[in-house]
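Participant: Got a structure for you, written out below as structure tokens; questions coming shortly.
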Number of protein chains: 2
Amino acid sequence: MARDERGVTPQSEDFSSWYNEVVTKAQLVERGPARGTMVIRPYGYRIWELLQADLDGRIKDTGHENAYFPMLIPESYLKREAEHVEGFAPELAVVTHAGGKELEEPLVLRPTSETVIGEMMAKWVTSYRDLPLLLNQWANVVRWEMRTRLFLRTTEFLWQEGHTAHADEAEAMEETLRMLDVYERVSREMAAIPVVPGEKTPGERFAGAVKTFTVEGMMRDGKALQSGTTHYLGTNFAKAFTIQFSNDAGHLELCHTTSWGMSTRLVGGVIMTHGDDKGLVLPPKLAPHQVVIVPIARGEQAQTVLDAARELATRLKAAGIRVHIDDRPQLSPGFKFNEWEMRGVPMRLEIGPRDLAAGTALLAKRLGNEGKTAIALDTAPETLLTALDDFQAFLLQRATDFRESHTATTETWQEFTTAVATGWARALHCGRPECEDEIKSETAATPRCIPLDGLAEAGVCVRCDAPSAYGKRVLFGRSY
Amino acid sequence: MARDERGVTPQSEDFSSWYNEVVTKAQLVERGPARGTMVIRPYGYRIWELLQADLDGRIKDTGHENAYFPMLIPESYLKREAEHVEGFAPELAVVTHAGGKELEEPLVLRPTSETVIGEMMAKWVTSYRDLPLLLNQWANVVRWEMRTRLFLRTTEFLWQEGHTAHADEAEAMEETLRMLDVYERVSREMAAIPVVPGEKTPGERFAGAVKTFTVEGMMRDGKALQSGTTHYLGTNFAKAFTIQFSNDAGHLELCHTTSWGMSTRLVGGVIMTHGDDKGLVLPPKLAPHQVVIVPIARGEQAQTVLDAARELATRLKAAGIRVHIDDRPQLSPGFKFNEWEMRGVPMRLEIGPRDLAAGTALLAKRLGNEGKTAIALDTAPETLLTALDDFQAFLLQRATDFRESHTATTETWQEFTTAVATGWARALHCGRPECEDEIKSETAATPRCIPLDGLAEAGVCVRCDAPSAYGKRVLFGRSY
Ligand SMILES: [Zn+2]
Ligand SMILES: [Zn+2]
């Protein structure tokens, strides 16, 4: 089927093609020259910046300070924590030569920074008075993955990684759950993704963690996207790097540490949670342009209309609205409408000479059945602020409805396989890794998390009839 | 000479030791495990964040958009521009293995991104309507330097790098000078460093540039620190990466490109421009804590005083002042005074029971001869806002006076060598590279720049008596 150059393959036809076409055509991102790398273009980077600014504020409000640690880590550091190196060794990129010479010890590009930060924490922490130590960094990391996909899994990606040290397990666990809550709120309030917070089963834990927690979002193909994770690391890294403190009785104790991260992957989550057959749909809080004004006039009226558009844009900006005027002379209004629709702009305003004479503009929303409605220019800032808030809330509700209608509480294997074919299944599970593997090989579904808000429940495994574990249901789904 | 653990070697005794001790003891930065890398601690990173936020705003206000390009660059890319690879090849760090295998083509860690961005620009620019293309990225870069020094020259550092493409030389030159002006303003207005903007002589140009411009700051040892550079790249990279556009007559033309960067090095510049024998002196606009409140009370009055300090801090924060309360119970006021002095906090407020009863606090400024002065608590926010502005202006004036008194217009070789022993020399120069080399080997001074505001002047070279070049004086100095 031939398509308009700006059109995209429908989601229902091929979700994966839809995604690849949308991210490229909407000018969010494209492939970099080195295998699996991405170039984040201004329109995509702006989404990340908006998310970053919000998340950074929340990280600071919870008492953390930003710092920066070297990207180059001596290879030997990773080997100090046995599970950690086992998990990351296959994905490492290694610098063997520098300054024209072979290095005595190879340096790895950080896949995550527990090791180098652990080494520094050991120097900075001596007394209980130095605790808690609450650090965060914004950085790039490199993981040499087999299969890559723009935003979702790339050789290099951007993220924040928090690293904290505490005097005991209770405080470290409190931190781990506090940051999970931050991730849940950022996902919900900024990205309009109603993620499910929960704990990972042992097989899905971060390499070196005692407990791993996650927020899982449902994409429009029914799959799950792990959108942020927090880890209680126990004393594993404290032992490996000698992060210890003298307590108030003067005795040495090991610290309990945590780490937590959220990445550019969430931009992929935004695209796959809200997009439709016409392209992107951006939640207003993360939209580079919340409103695009298209002036429509020819000849001698063109300048008058453009001036009015600029005056309106100035007032919208003053109200805190991110607005863009599309004044490209060589393109038709219809072309512009299609383009901004495909690029997911929440609100479009059209202004022509007649609208101007009537003191109005035509408002078209990216989603909904209202069609175009005339709004008064006088009160446009307030009207649009409300409309943007409503649109943000609408997207969250729509995504919540979608998730609920694609999640089933399942008792039988038949119900389970039906549910995970198009969405998620809540099921009792025995907790055995071999049983998880069987489920995965038959259905492609994996345990996404044990939801924090799940009710106490016991019975038999949906797959093998062995007694259920965890004391509650596990959420299963296919994933990215 | 034995020193207090928190004390530092006096600047006059050994500037280099002073610097290394200050950056570490003030908890700005320390060495990372891999050779030449640095760990930027929260107190140092906050300075960078404040600078970054301001500079990012200026970059956006001049029409640029942020984007992100991969750190891993195919080795072959660098070779496409002959001068560029010649300049950077000795400093490259190379990834040869990844994912457990040897790579077919090694990947270098970006030392700067002209090549990979050039490759992408070639895809994005087709018509004159796509120009100018105004991009910037915030990123880490890696240069394997022989001698490293924290903040000033490290294996990995943080920076922003702007990259733009234009239709002709005039526009590209205008951009190059516009961003030089931005760097000059940021240095002056935020860092209180009265930098001298000027053009680099051919021998000091960026590898691959047609013209390089710089802002040079004078440090308190009389040396020059190159604090930001902008480059007009002509069509060199456009040729190497085929960045071309069809003009309005439909003919293909090569773009004229620019690049410009400012880095964490400027944090080193702040330290060396304003610091003194007691340690750091931070300009208020970049100080993580502009005001530190030290509550002074024991026993039953301690809580009352602490409550008053918190109430004051709340009002100062509301006025936009970055304030910190040092309520560490185990440390004496005297210890705290010394520590915050060493860490460069512009203003300290002491509050005790008697001050509280009088409705005042004692204000001590980091520099100046006023001693401690009582200020009214009622009007503390306005008093401090004014005092901070004055302090910022005072630092700039002090640095300007220092620079002026350490810069001489020199006619003879004798005058020249005397001037560059303790500061800078304005001198006529023949422009011959061999003559620059001789000057460097005899005095360690190099041409820092040809100041933009220099008056037209001609004569003979201060060193070799050949006719002078450039039509104006060159600024010479020793540098970092
Ligand atoms: Zn089972
Ligand atoms: Zn000469």
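The values are calculated or read from the model by the stated rules, or taken from the named source; none is laboratory data. From a predicted model like this one, the values you see are computed outputs, not experimental measurements. Reconstructed Cβ throughout: ideal geometry from the backbone, glycine too, with neighbour counts over all protein chains shown. Please note that ligands, DNA and RNA were not included when accessible areas were found on the heavy atoms of the full protein model with its side chains. Shrake-Rupley method; radii C 1.70, N 1.55, O 1.52, S 1.80 Å.
Participant: Taking a quarter of the surface of the Cα convex hull of the protein assembly as shown, what do you get in nm²?
Facilitator: Numbers: hull surface 181.0 nm².
About 45.2 nm², averaged over all directions.
Participant: Taking a ≥ b ≥ c as the square roots of the Cα gyration tensor eigenvalues, with a/c under 1.5 meaning rounded and otherwise prolate when a/b beats b/c, else oblate, which class fits the range A:65-199? List each step's numbers first, then the result.
Facilitator: Values: a/c = 2.14, a/b = 1.22, b/c = 1.75.
Oblate is the answer for the range A:65-199, as a/c is 1.5 or above yet b/c matches or exceeds a/b.
Participant: OK, next. Within a 10 angstrom radius of each residue's Cβ in A:98-106, how many Cβ atoms of other chains show up on average? Whole number is fine.
Facilitator: Numbers: counts 13, 13, 6, 1, 2, 5, 1, 3, 3.
Per-residue shielding by partner chains comes out at 5.
Participant: Then there's this: Kindly give the distances from residue A:437 to its copy-mates, label point to label point, with each label point 7 Å from Cα along Cα→Cβ, as nm values to one decimal ordered shortest first.
Facilitator: 6.7
Participant: Among B:325, B:421, B:82, pick out the residue whose Cα is farthest towards the positive end of the charge dipole of the protein assembly as shown, where Lys and Arg carry +1 and Asp and Glu carry -1 on C-beta, about the Cα centre.
Facilitator: Value computed over the given set: B:325.
Participant: Can I ask one more? Summing both sides, how much accessible area is buried between A and B? Use a 1.4 Å probe and give Å² to the nearest 100.
Facilitator: Values: alone 20880 and 20860 Å², together 37480 Å².
By this definition, chains A and B bury close to 4300 Å².
Participant: Can I ask one more? Out of the range A:82-175, which trypsin sites (Lys or Arg not before Pro) are coil in DSSP terms and have no more than 15 other C-beta atoms within 10 Å? Kindly include the intermediate steps, with their values, before the conclusion.
Facilitator: On the way: sites: A:101, A:123, A:129, A:143, A:147, A:149, A:153; in loops: A:143, A:147.
Loop-located and lightly packed - A:147.
Participant: Let me ask another. Averaged across orientations, what area in nm² does the convex hull of the alpha carbons in chain B project?
Facilitator: Numbers: hull surface 110.9 nm².
Over every viewing direction, the Cα hull of chain B projects on average to 27.7 nm².
Participant: Something else now. Can you list the distances in nanometres, one decimal and ascending, from the residue A:24 label point to the identical position in each other copy, with the point 7 Å along Cα to Cβ?
Facilitator: Taking the point 7 Å beyond Cα along Cα→Cβ, the inter-copy spacings are 5.3 nm.
Participant: Related question: How much area per residue is accessible in chain A when the probe is 1.4 Å and only protein heavy atoms are counted (Å²)? Walk me through the numbers before you get to the answer.
Facilitator: Working: 18760 Å² over 480 residues.
Accessible area per residue: 39 Å².
Participant: Something else about it: Find how many whole Å separate the alpha carbon centroid of the range B:307-379 from the alpha carbon centroid of the range A:418-435.
Facilitator: Their Cα centres are 60 Å away from one another.
Participant: Would you work out the Kirkwood radius for the range B:387-480? I mean one over the mean of 1/r across all pairs of different Cα atoms, in Å. Please list the in-between numbers first.
Facilitator: Values: mean 1/r = 0.0718 Å⁻¹.
Hydrodynamic radius (Kirkwood, Cα only) of the range B:387-480 equals 13.9 Å.
Participant: Right, here's the next one. Which whole number gives the average count of other chain Cβ atoms within 10 Å of the Cβ atoms across peptide A:28-40? Walk me through the intermediate numbers first.
Facilitator: On the way: counts 0, 2, 3, 1, 10, 13, 13, 8, 4, 7, 3, 10, 6.
That works out to 6 on average.
Participant: Just add up the charged neighbours of residue B:80: K/R +1, D/E -1, any other residue whose Cβ is under 15 Å from the Cβ of residue B:80.
Facilitator: Values: positive: B:79, B:110, B:239; negative: B:75, B:81, B:83, B:86, B:105, B:114, B:119.
Residues near residue B:80 contribute -4 overall.
Participant: Using the structure shown, list the pairs from A:365/B:285; B:123/B:211; B:60/B:372; B:60/B:211; A:123/B:79 with a Cα-Cα distance above 31 Å, or answer none. Can you show the working numbers first?
Facilitator: On the way: A:365/B:285 42 Å; B:123/B:211 26 Å; B:60/B:372 42 Å; B:60/B:211 24 Å; A:123/B:79 42 Å.
Cα-Cα > 31 Å for A:365/B:285; B:60/B:372; A:123/B:79; rest within.
Participant: Something else: With only Lys, Arg, Asp and Glu charged, each at its Cβ (+1 for the first two, -1 for the last two), find how big the charge dipole of the protein assembly as shown is about the Cα centre; round to the nearest 20 debye. If you can, show how the numbers build up before the last one.
Facilitator: Working: 108 positive and 134 negative charges, 54 e Å.
My answer is approximately 260 debye.
Participant: Here is a follow-up. Among residues other than residue B:455 whose Cβ falls under 13 Å from its Cβ, what is the net charge (Lys/Arg +1, Asp/Glu -1)? Intermediate values should be presented prior to the final figure.
Facilitator: On the way: positive: B:426, B:472, B:473; negative: B:453, B:457.
Residues close to residue B:455 contribute a combined charge of +1.
Participant: May I ask you to derive the FRET efficiency for residue B:385 and residue A:317 from their Cβ-Cβ distance with R0 = 35 Å, giving the value to the nearest 0.05?
Facilitator: Details: r = 27 Å, r/R0 = 0.78.
About 0.80, to the nearest 0.05.
Participant: Once you have a ≥ b ≥ c as the square roots of the Cα gyration tensor eigenvalues for the range A:15-274, tell me rounded if a/c is under 1.5, and otherwise prolate or oblate according to whether a/b is larger than b/c.
Facilitator: Oblate shape, in that a/c is at least 1.5 and b/c is the bigger or equal ratio.
Participant: Something else: Along Cα→Cβ at 7 Å, what distances in nm separate the residue B:124 label point from those on the other copies, shortest first?
Facilitator: Nearest first, the other copies' label points are 3.5 nm away.
Participant: Let me check against my output: what whole-number percent is the relative contact order of chain B, with C-alpha pairs under 8 Å and at least 6 apart? Working shown, then result.
Facilitator: Values: 968 pairs, mean separation 65.3, N = 480.
Here the relative contact order equals 14 percent.
Participant: Over chain A, with every protein chain in place, what whole percent of the accessible area is carbon and sulfur at 1.4 Å, could you tell me? Present the calculation step by step, with values, prior to reporting the outcome.
Facilitator: Working: 9240 of 18760 Å².
Summing carbon and sulfur atoms, their accessible area is 49 percent of the total for chain A.
Participant: Students often check this: by mean Cβ neighbours within 10 Å, which of B:279-288, A:468-477 ranks highest, and how do the rest follow? Please report the intermediate quantities before stating the final value.
Facilitator: Working: B:279-288: 23.9, A:468-477: 21.5.
Going from most to least packed, we get B:279-288, A:468-477.
Participant: Next up: Of all beta bridges DSSP finds with both residues in the protein assembly as shown, what is the antiparallel percent, to the nearest 5? Provide the component values of the computation, followed by the final result.
Facilitator: Details: 139 of 169 bridges.
In the protein assembly as shown, DSSP labels about 80 percent of beta bridges as antiparallel.
Participant: Putting +1 on Lys and Arg Cβ atoms and -1 on Asp and Glu Cβ atoms, find which of A:198, A:166, A:187 reaches farthest to the positive end of the dipole of the range A:125-198.
Facilitator: Going by the Cα projections, it comes out as A:187.
Participant: Just report the Cα centroid separation between the range B:41-98 and the range B:176-200, whole Å.
Facilitator: Rounded to whole Å, the Cα centres lie 19 Å apart.
Participant: Now for a different question. Using the charge dipole of the protein assembly as shown (Lys, Arg: +1 at Cβ; Asp, Glu: -1 at Cβ; taken about the Cα centre), state which of A:38, A:342, A:28 has its Cα farthest towards the positive end.
Facilitator: Of the candidates, A:342 comes out farthest on the positive side.
Participant: With a ≥ b ≥ c taken as the square roots of the eigenvalues of the C-alpha gyration tensor of the range B:289-386, please select rounded if a/c is under 1.5 and otherwise prolate if a/b is larger than b/c or oblate if it is not?
Facilitator: Working: a/c = 1.41, a/b = 1.10, b/c = 1.28.
Rounded, since a/c falls under 1.5.
Participant: Which far-off residues, 5 or more places away or on another chain, put their amide H under 5 Å from the one on residue A:452, with H placed in the peptide plane?
Facilitator: Placed amide hydrogens put A:198, A:199 under 5 Å from residue A:452.
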